[in-house]
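Read-outs throughout are calculated quantities, based only on the coordinates presented, and are distinct from any laboratory measurement. As the structure is a computational prediction, the values presented were derived from the model and not from experiment. Cβ coordinates were reconstructed from backbone atoms using ideal geometry, including for glycine residues, and neighbour counts include every protein chain displayed.
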Amino acid sequence: MDTMSNDSPIRTDPGKRGWVHAALARLEQESARSADTHLLRLDFPGFPGIAFYFKDEASHPTGSLKHRLARSLYLYALCNGRLDEGQTVVDASSGSTAISEAWFARLLGLPFIAVMPACTAPQKIHAVQALGGQCDLVEDPAQVHARAARHAAEGACHLDQFGLAERATDWRGNNNIAESIIGQMCREAQHEPTWIVCGAGTGGTSATIGRYLRYRRLDTRLCVAEPTGSGYVHGWRSRSREAVASQPTVIEGIGRPRVEPGFLFAVVDAVVEVDDAASIAAATQLETLLDSRYGGSSGTNFAACLTLATRMRAAGERGSIVSLLCDRGKRYSDTLFDATWRRDHGLDIAPWQTAIATALERGELVAPD
Ligand SMILES: *Cc1c(COP(=O)(O)O)cnc(C)c1O
């Protein structure tokens with residue numbers, strides 16, 4: 001067994017699966033040291049009888065819901081015999097996934113390469129490097145997957161977040177995000193959520209929640225909240241895997257331009273489109289409500305919650321809506337939370353800020369003209 005500290009090399013037992021066993025033990029230790037993420041509750045005067053809950057995925061050690069994904073991808077690689085002692089680990093990611101994967105690579109004493117477009121913000125490149133990872137920058141963003149595949153052909157283990165997110169997580173339980181939410185709701189008055197709301201990046205989170213709801217025979221509906229016109233929006237509506245986005249987005253982690261392999265349309269009951277300005281306005285409202293800053297996709301989720309709550313109230317429905325706080329807002333202080341940056345990107349959030357504040361009081365989210 002591996003009983004040494006984190007930075008010491010994992011000891012191996014030649015001829016056996018020594019290193020793999022020790023690596024799995026180290027992941028178990030990390031899990032045992034971690035607490036579950038909070039489910040925060042908010043109530044608004046405009047929505048009597050509807051309780052709002054937010055799963056704080058920013059509180060993971062690496063600051064986002066990608067901590068869960070990275071842990072699952074390493075477990076999946078190890079248990080499939082694809083990852084062994086001293087092997088380089090690679091993935092194509094310019095965001096939170098690279099940071100979480102670099103963190104786990106360091107935990108396991110493995111070299112890590114993040115393949116990123118050369119235009120990636122220096123702050124993110126530095127975050128991966130600070131964790132001991134290496135960034136392989138490619139000029140053409142469309143080439144990141146081919147470059148990751150080349151590293152894999154040379155012997156690296158490709159974690160492949162977009163290819164494997166949907167299957168790497170144990171959808172029946174093992175404290176996946178859905179099991180955790182449903183467990184945390186057990187003492188609430190409206191313990192079976194009316195809706196669970198999340199975005200789609202790899203599609204892993206929505207696939208896990210959608211499968212788990214059926215497995216547990218719950219009537220809870222799943223809503224995917226996405227930037228207006230994303231690949232997911234068009235793909236879900238037409239049930240086509242060839243669909244592409246009709247407009248770009250500044251919201252990171254979600255709003256993919258294409259249908260990713262992990263998008264599981266059949267388990268999703270509704271898709272709510274959210275304009276970027278509304279997502280950012282909702283993120284600023286969350287900061288006021290929770291005294292903590294979360295990223296743009298958390299705002300997308302919150303805005304979609306208010307759309308669903310508006311429909312519920314109009315239909316005289318009571319219940320609960322659960323959503324996710326996906327990552328910390330600190331990373332976006334020079335972008336989404338910077339007024340000059342927003343102006344340069346043609347984003348005026350003031351009308352949406354008013355619309356959201358009004359909705360919390362009056363129970364109806366109305367898009368500004
Ligand atoms: C990845 C990500 C999402 C979407 O989660 P998936 O499980 O990949 O679909 C949402 N928000 C942020 C900030 C993310 O990094």
Mean separation of Cα contacts under 8 Å (at least 6 apart) over the residue count of the chain, i.e. the relative contact order in percent, is 17 percent
All-pairs Cα distance distribution in the chain, expressed in whole percent, bin size 20 Å: 29, 58, 13, 0
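Helix-only mean residue ellipticity at 222 nm, the chain, DSSP H runs n ≥ 4 weighted -39,500 (n - 2.57), per residue, nearest 500. What is it? Don't jump to the answer; show the numbers that get you there.
Details: 13 runs with 151 residues, N = 369.
The helix contribution divided over the chain gives -12500 deg cm²/dmol.
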Among Ala130, Gly295, Ala165, flag the residue with its Cα farthest along the positive direction of the charge dipole of the chain, charges on Cβ as +1 for Lys/Arg and -1 for Asp/Glu. Ala165
3J(HN,Hα) from dihedral phi, the stretch 298-309, Karplus parametrisation 6.51/-1.76/1.60, rounded to Hz, x for glycine, proline: 5, x, 4, 4, 5, 4, 5, 4, 5, 5, 5, 5
Rounded if a/c is under 1.5, else prolate if a/b beats b/c, else oblate: with a ≥ b ≥ c from the C-alpha gyration tensor eigenvalues square-rooted, which is the stretch 311-354? oblate
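Quick check: convex hull over the Cα atoms of the stretch 232-306, volume per residue in Å³, rounded to an integer? Provide the component values of the computation, followed by the final result.
Numbers: hull volume 7.1 nm³, N = 75.
Taking the convex hull of the Cα positions in the stretch 232-306, it is 94 Å³ per residue.
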Mind putting a number on the dipole of the stretch 215-275 about its Cα centre? Charges go on the C-beta only, +1 for Lys and Arg and -1 for Asp and Glu, and I need it in Debye to the nearest 20. 300 debye
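Pull up the DSSP beta bridges for the stretch 1-127 and report the antiparallel fraction as a percent, rounded to 5.
Values: 4 of 8 bridges.
Around 50 percent of the beta bridges assigned by DSSP in the stretch 1-127 are antiparallel ones.
State whether the stretch 249-369 is rounded, prolate or oblate according to the following rule on the C-alpha gyration tensor (a ≥ b ≥ c being the square roots of its eigenvalues): a/c under 1.5 gives rounded; otherwise a/b larger than b/c gives prolate, and the remaining case gives oblate. Please report the intermediate quantities before stating the final value.
Values: a/c = 1.67, a/b = 1.13, b/c = 1.48.
Oblate.
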Going 7 Å from the Cα of Asp344 along its beta-carbon direction, which residues of the stretch 100-128 have the amide nitrogen within less than 19 Å of the resulting point? 118-126
What lysines could a cross-link reach from Lys66, if we take a straight Cα to Cα line under 26 Å and drop same-chain neighbours fewer than 8 places away? Lys55, Lys124, Lys330
Over the stretch 66-166, what lengths in whole Å, largest first, do the semi-axes of the equivalent ellipsoid take, defined as the square roots of 5 times the eigenvalues of the alpha-carbon gyration tensor? 19, 15, 12
Out of the DSSP beta bridges found with both residues in the chain, what percent are antiparallel (nearest 5)? 20 percent
With no solvent and one equal point scatterer placed on each C-alpha of the stretch 178-268, evaluate the Debye formula and give log10 I(q)/I(0) for q = 0.16 Å⁻¹, two decimals. -0.63
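Specify whether the C-alpha gyration tensor of the stretch 1-158 places it in the rounded, prolate or oblate class, a ≥ b ≥ c being the square roots of the eigenvalues: rounded for a/c under 1.5, otherwise prolate if a/b is larger than b/c and oblate if not.
Working: a/c = 2.40, a/b = 1.31, b/c = 1.83.
Because a/c hits 1.5 or more and a/b fails to exceed b/c, the stretch 1-158 counts as oblate.
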